[in-house]
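Participant: This is the structure I want to talk about, given as structure tokens.
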Amino acid sequence: MTADTPSSELLNELILLASRSPSPHNTQPWSPRIADGAIEVSIVPGRTLPAGDPTFRDVIMSLGAWIESCAIGAAEKGYAVDVEVLPALSELDSLPVAGPADATRPVFRITVSPSDAPANSAGPPPFTADDVRARCVYRGKLEGKPDVFAYIESLQLPPWLQVRSLDDGAMKQLSTLGIAFTASRATVANELLHWLRLDPRHPRYHRDGMTDAMLVMPRPLARIAAPFTRKARLRDPLVAVAGPLARFLEGLGRDATLPPALTDEAGAPTHHVLVANSRAAGIDDILSVTEAMDSRIGVTEPHALEAGRILQRLWLHAHRQGLAISPHSELIDSPAAHGALRKRLGLARSDVALSVFSAGVPQTQHVPRSPRLTDLAR
Ligand SMILES: Cc1cc2nc3c(=O)[nH]c(=O)nc-3n(C[C@H](O)[C@H](O)[C@H](O)COP(=O)(O)O)c2cc1C
């Protein structure tokens, strides 16, 4: 080990910090290990969402957020990260649908080395490990701050990514349509219920998934609903009854026209869409436009990974201003909502919506914290 080689203590510290990254349903699909002085990360098949996220879009974006958190922690300690994307990232279709990570098939490798970049005195101060630890999603009432993403030059978005605004009226209607889609597909609904922890007595309440507190659910309602998330004999009939009803609502929503895009009401949360242009993404680098079209996400997996890094920077940017994020992937997952979203934003065929989220100041004194597998044993 030379003086420049990062200690395993530092690498473990970065892994712990990165575990605070966001992930769909708080699944934490990453499995990091230290190998030959670098950090290798594999995907845990049992922590992916085969029904809700069949293209791995959200899994890959969360891995991108993981990389960004790691890079922020390293920079704070005077180190830079070099990310090598490995072939397994573009072969996720061969992953099993359950089970542990395969350490012989990492999807990327991070090498940490002393940084020779001069401290940048211009622009806002860089994000810190404390920002990564404190950032969180809030699904309760948010009060919007319209210019939250007005000045994002410092976030260094690549030319193929942009942040578009969505009006509140369209957001409300399309979110309802997206939720109806989730509820009407038994496999997607069951998968969501599997990741809910509505009672502190749930064995994984302090480990992963989404708790009643995170969902801002009133306690009595959570207590009534909790058994339905854990017992298949209760859950299956519930999903079976909810399905046709949700499908009926989805049918109504699909045929409804969107309200005119008026100026949002004062105080309404603002809504944002991270859009990638697959054509522009193919021009500047790594892989060709054809490969983007082959990928079921609409951009190549390495591009989705890069977009996840940007997503984390956007959410940290909001956090720095005292705002929280409330993601709404249902607008992309539901084909009907997705189609209407594309129309509303006037997206071109080569544009791909990768993430939809609201932003605003949480109207509460206490934003609940999400658990992590790496939290100290209770
Ligand atoms: C790519 C991605 C998509 C997500 N989509 C949703 C979503 O549709 N709805 C939602 O409530 N949360 C969504 N989340 C947020 C996660 O549920 C959240 O990050 C996780 O529960 C951990 O909580 P925290 O971010 O507050 O630490 C998403 C997160 C990521 C990274």
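The values are calculated or read from the model by the stated rules, or taken from the named source; none is laboratory data. Values in this document were obtained by computation on a predicted structure and should not be read as measured data. Virtual Cβ from ideal backbone geometry, glycine too; neighbours counted across all protein chains shown.
Participant: Here are 72, 60: which of them is closer than 20 Å to residue 295 by Cα, modelled with pLDDT of 95 or more, touching a helix residue (DSSP H, G or I) at 6+ places or on another chain (Cβ under 7 Å) and within 16 Å of the ligand (Cβ to nearest atom)?
Facilitator: 60
Participant: Can you list residue pairs whose Cβ atoms sit under 7 Å apart, with the first residue in segment 4-33 being modelled with pLDDT under 95 and the second being more than 16 Å from the ligand (Cβ to nearest atom) and not in a loop (DSSP other than H, G, I, E, B)? Count only pairs 6 or more apart in sequence or on different chains.
Facilitator: Cβ pairs passing all conditions: 4/113; 4/114; 6/79; 6/112.
Participant: Then there is this: Out of (1) closer than 25 Å to residue 184 by Cα; (2) more than 17 Å from the chain's Cα centre (by Cα); (3) assigned to a helix (DSSP H, G or I), what's the single condition that is false for residue 59?
Facilitator: Checking residue 59 against (1) closer than 25 Å to residue 184 by Cα; (2) more than 17 Å from the chain's Cα centre (by Cα); (3) assigned to a helix (DSSP H, G or I), the one that fails is (2).
Participant: Quick check on my filter: what residues within segment 25-46 are surrounded by fewer than 20 Cβ atoms within 10 Å (Cβ to Cβ) and touching a helix residue (DSSP H, G or I) at 6+ places or on another chain (Cβ under 7 Å)?
Facilitator: Result: 34, single match.
Participant: Something else now. I'd like to know if segment 147-168 contains one or more residues that are without any contact (Cβ under 8 Å) to a residue 24 or more places away in the chain, hydrophobic (A, V, I, L, M, F, W, C) and surrounded by fewer than 14 Cβ atoms within 10 Å (Cβ to Cβ).
Facilitator: Within segment 147-168, one or more residues are without any contact (Cβ under 8 Å) to a residue 24 or more places away in the chain, hydrophobic (A, V, I, L, M, F, W, C) and surrounded by fewer than 14 Cβ atoms within 10 Å (Cβ to Cβ).
Participant: Check 281, 261, 256, 307 and return the single one that is crowded, with 22+ Cβ neighbours inside 10 Å and at pLDDT below 95.
Facilitator: Result: 281 is the single residue among 281, 261, 256, 307 that is crowded, with 22+ Cβ neighbours inside 10 Å and at pLDDT below 95.
Participant: Which one of the conditions (1) at pLDDT 95 or above; (2) of a type outside the set (Asp, Glu); (3) more than 16 Å from the ligand (Cβ to nearest atom) does residue 137 fail to meet, given that it meets all the rest?
Facilitator: Going through (1) at pLDDT 95 or above; (2) of a type outside the set (Asp, Glu); (3) more than 16 Å from the ligand (Cβ to nearest atom) one by one, residue 137 breaks only (3).
Participant: Filter segment 347-375 down to the residues that are within 25 Å of residue 172 (Cα to Cα), among the small types (Gly, Ala, Ser) and more than 9 Å from the ligand (Cβ to nearest atom) and list them by number.
Facilitator: 348, 353, 358, 359, 360
Participant: For residue 207, are the conditions met, namely being buried (at least 16 other Cβ atoms within 10 Å of the Cβ), over 20 Å from the mean Cα position of the chain (by Cα) and in contact (Cβ under 8 Å) with a residue 60 or more places away in the chain?
Facilitator: no
Participant: With the requirement that a residue be closer than 30 Å to residue 91 by Cα, surrounded by fewer than 17 Cβ atoms within 10 Å (Cβ to Cβ) and of a type in the set (Val, Ile, Thr), what does segment 104-145 give you?
Facilitator: If the condition is that a residue be closer than 30 Å to residue 91 by Cα, surrounded by fewer than 17 Cβ atoms within 10 Å (Cβ to Cβ) and of a type in the set (Val, Ile, Thr), then 104, 111 are the ones that fit.
Participant: Residues that are within 16 Å of the ligand (Cβ to nearest atom) and either at pLDDT 95 or above or surrounded by 14 or more Cβ atoms within 10 Å (Cβ to Cβ) (or both): does segment 76-83 have at least one?
Facilitator: No, because not a single residue in segment 76-83 is within 16 Å of the ligand (Cβ to nearest atom) and either at pLDDT 95 or above or surrounded by 14 or more Cβ atoms within 10 Å (Cβ to Cβ) (or both).
Participant: So for segment 190-202 (the condition being within 16 Å of the ligand (Cβ to nearest atom), within 14 Å of residue 334 (Cβ to Cβ), hydrophobic (A, V, I, L, M, F, W, C) and out of contact with any Leu (no Cβ under 8 Å at 6 or more places or on another chain)), does at least one residue qualify?
Facilitator: yes
Participant: When you go through 187, 229, 176 one by one, which is the residue that is within 28 Å of residue 338 (Cβ to Cβ) and free of Cβ contacts under 8 Å to residues at least 40 places away in the same chain?
Facilitator: 229
Participant: May I pose another question? Within segment 329-365, which residues are at pLDDT 95 or above and assigned to a loop (DSSP other than H, G, I, E, B)?
Facilitator: 329, 334, 346, 347, 348, 363, 364 - these are the residues of segment 329-365 that are at pLDDT 95 or above and assigned to a loop (DSSP other than H, G, I, E, B).
Participant: Does residue 326 meet the test of being modelled with pLDDT of 95 or more, within 11 Å of the ligand (Cβ to nearest atom), surrounded by fewer than 24 Cβ atoms within 10 Å (Cβ to Cβ) and not in a helix (DSSP H, G or I)?
Facilitator: Yes.
Participant: Same structure again: Could you grab me the full set of residues in segment 194-227 that are aliphatic (A, V, I, L, M), out of contact with any helix residue (DSSP H, G or I) (no Cβ under 9 Å at 6 or more places or on another chain) and assigned to a loop (DSSP other than H, G, I, E, B)?
Facilitator: Of everything in segment 194-227, just one residue is aliphatic (A, V, I, L, M), out of contact with any helix residue (DSSP H, G or I) (no Cβ under 9 Å at 6 or more places or on another chain) and assigned to a loop (DSSP other than H, G, I, E, B), namely 216.
Participant: Please go through segment 228-247 and give me each residue that is over 11 Å from residue 194 (Cα atoms) and either under 27 Å from the mean Cα position of the chain (by Cα) or acidic (Asp, Glu) (or both), ordered by number.
Facilitator: 236, 239, 242, 243, 246, 247 - these are the residues of segment 228-247 that are over 11 Å from residue 194 (Cα atoms) and either under 27 Å from the mean Cα position of the chain (by Cα) or acidic (Asp, Glu) (or both).
Participant: Continuing with the same structure: Of these, 6, 22, which one is more than 22 Å from the chain's Cα centre (by Cα), more than 20 Å from residue 102 (Cα to Cα) and surrounded by 15 or more Cβ atoms within 10 Å (Cβ to Cβ)?
Facilitator: Being more than 22 Å from the chain's Cα centre (by Cα), more than 20 Å from residue 102 (Cα to Cα) and surrounded by 15 or more Cβ atoms within 10 Å (Cβ to Cβ) holds for just one of 6, 22, which is 6.
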